[in-house]
């Protein structure tokens, strides 16, 4: 490229932005960088960018002057008003054909709005979901781009180079039009919430139910990670239980406050699933439990007065740990099934034209929900692109069927011990509801017609019906 200009400019030198800029430069793509705080740009160039082909712009004008036309600008800052503020500064200086890429965790409706704003001005706009955290940004994330195909093709060589690689394939691909990239990233995070909740429940059942120490828990998860449960989240769970606090020498896990934070993507997944009438109860339960964890003082007070059964499991440990492993795997399949069913419906509703095999492919590496299971999920959608639900895949459906007895036993045992396991229970309820040829929704419809004249349909005749129900 020489002195002709950079093919890409990056705005935002926070943790993710700095690491992604270094990753891009590692792959021989000169990058122009800019941060609204000049000192951060200067510090980055002095301490981290030495020897790399990274070109700083200390003013917006200087930054834009470093870019080859038509310009491609990647914004990697906190989602929300800050993105609109940066775009407001950029737009007066851009020309037709220039490309803006929003790589934050933006809500997909904001992406649609910004796409229209840019389109009206002759600009291109692309939403790019990034997963993998700080390490992924530096050494290979999973990238989820959506927007005009022309926009993707312009930066495809860069994205394919910096993405995680699995079996020679980059964990990036063009997903579809509009806000598809940010929508897929949102659902990725919703699945992430669900999987984390399932793992947290297995931890609680083994800690409070079996009395396992952090060292013993680490050994269990390490063993599980060598099986079909192999995944990034199970792997780091084992590492967490090995970590000692530098100050006290105690297991760090025992010193961390039991209040889980969230940035909203799991909640967004649940919201839009409800709007599209796609059930995602495992994800919903995970969001609920993060909310409930925030009521620490109330929970402590309730623990003094709302007594339940003894939490200690009376039997042999192995008779509990084996079924728990199987229950977790079944719950993981069911959680992925819910998220991918949501993507399928969203694709139809929002005209994304998603290829779910492709989605599974780019989730195999770099991202937080990467797991060996995604190979099976990819194969399921390769064999049947129109598969409405993973539970209907012959292989994955059988995997759940083979473990349903253990999932039921663990759900029952959790109830008997008084230990909350809403993720596992919701997964089981979803499985049982999905496989039910009949549900009690007929009573719900009768009730709605009784008190609100909302009408109902019949099994024995077409049409819409209303009954004059008896009054008191």
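Read-outs: derived from the displayed coordinates by stated rules, not from any lab. Please read all numbers here as calculations on a predicted model, not as lab measurements. A quick note on method: Cβ atoms are made from the backbone with ideal geometry, for glycine too, and the neighbour counts reach across all protein chains shown.
The separation of region 381-420 from region 321-364, counted between C-alpha centres, amounts to 12 Å. One Cα centroid belongs to region 43-94, the other to region 117-188; the line between them spans 18 Å.
Could you list the square roots of 5 times each eigenvalue of the Cα gyration tensor of region 185-434, that is, the equivalent ellipsoid semi-axes, sorted largest first and rounded to whole Å?
Numbers: eigenvalues 182, 78, 69 Å².
After diagonalising the Cα gyration tensor, the semi-axes are 30, 20, 19 Å.
Extending 7 Å from Cα along the Cβ direction at residue 116 and again at residue 436 yields two label points whose distance is 4.0 nm.
What's the ranking of 343-352, 270-279 by average number of surrounding C-beta atoms within 10 Å, highest first? Don't skip to the answer; put the middle values down first.
Values: 343-352: 17.8, 270-279: 16.2.
In decreasing order of mean packing, 343-352, 270-279 become 343-352, 270-279.
Arranged from fewest to most other beta-carbon atoms within 10 Å of their beta carbon, 386, 245, 472, 110 become 472, 386, 245, 110. Overall shape of region 39-98 was characterised from the C-alpha gyration tensor. The equivalent ellipsoid obtained from it has semi-axes of 22, 16, 10 Å, in decreasing order.
In plain terms, the C-alpha convex hull of region 167-318 casts an average shadow of 13.3 nm² when viewed from every direction.
Using a Förster distance of 22 angstrom, determine the FRET efficiency expected from the C-beta separation of residue 236 and residue 261, and round it to 0.05.
Numbers: r = 17 Å, r/R0 = 0.78.
Once rounded, the FRET efficiency stands at 0.80.
Here the Kirkwood formula puts the hydrodynamic radius of region 8-178 at 15.9 Å, using every distinct Cα pair. When peptides 16-23, 440-447 are sorted by average Cβ neighbour count within 10 Å, with the highest value leading, the order is 16-23, 440-447. Sorted ascending by nearby beta carbons within 10 Å, beginning with the fewest, 118, 412 become 412, 118.
Work out, step by step, the length gained on full extension between residue 467 and residue 215: first 0.36 nm times the residue separation, then minus their alpha carbon distance; give nm to one decimal. Walk me through the intermediate numbers first.
Values: separation 252, 0.36 × 252 = 90.72 nm, distance 6.34 nm.
This chain segment gains 84.4 nm when fully extended.
The angle between the Cα long axis of helix 296-305 and the main principal axis of the chain comes to about 10°, on a 0 to 90 degree scale. For the chain, the longest principal axis of the alpha carbon atoms and the long axis of helix 214-224 meet at an angle near 80°. Computed packing ranks the peptides 157-164, 359-366, 50-57, 460-467 as 359-366, 157-164, 50-57, 460-467, most packed first, by mean other Cβ atoms within 10 Å.
For region 267-346, what class follows from the C-alpha gyration tensor (a ≥ b ≥ c being the square roots of its eigenvalues): rounded when a/c is under 1.5, otherwise prolate if a/b is larger than b/c, else oblate? The shape class here is oblate. Computed from label points 7 Å out along Cα-Cβ, the spacing between residue 28 and residue 149 is 2.9 nm.
Here the spin labels are modelled as points 7 Å beyond Cα on the Cα-Cβ line, and at residue 165 and residue 245 they lie 4.3 nm apart.
Dividing the summed helix terms, -39500 (n - 2.57) for each DSSP H run of n ≥ 4, by the number of residues in the chain produces a 222 nm estimate of -17000 deg cm²/dmol to the nearest 500. For a quick check: sort 439, 99 by the number of other beta carbons within 10 angstrom, fewest at the front. Arranged by neighbour count, lowest to highest, 439, 99 become 439, 99. Across all C-alpha atoms in region 377-453, the radius of gyration and Dmax reach 16.9, 48 Å.
Cα gyration tensor of region 296-336, axes a ≥ b ≥ c as square roots of the eigenvalues: rounded (a/c below 1.5), prolate (a/b > b/c) or oblate? Before the final figure, lay out each step's value.
Details: a/c = 4.53, a/b = 1.56, b/c = 2.90.
It comes out oblate by the Cα gyration axes.
Calculate the FRET efficiency for residue 95 and residue 226 from the Cβ-Cβ distance with a Förster distance of 51 Å, rounded to the nearest 0.05.
FRET efficiency, residue 95 to residue 226: 0.40.
Label region 305-457 by shape, choosing from rounded, prolate and oblate, from the square roots a ≥ b ≥ c of the eigenvalues of the Cα gyration tensor; if a/c is under 1.5 it is rounded, and otherwise prolate applies when a/b is larger than b/c, oblate when it is not. It comes out oblate by the Cα gyration axes. Averaging 1/r over every pair of different alpha carbons in the chain and inverting the result gives a Kirkwood radius of 24.5 Å. Once the chain from residue 398 to residue 318 is taken as fully extended at 0.36 nm per residue, the excess over their C-alpha distance is 26.4 nm.
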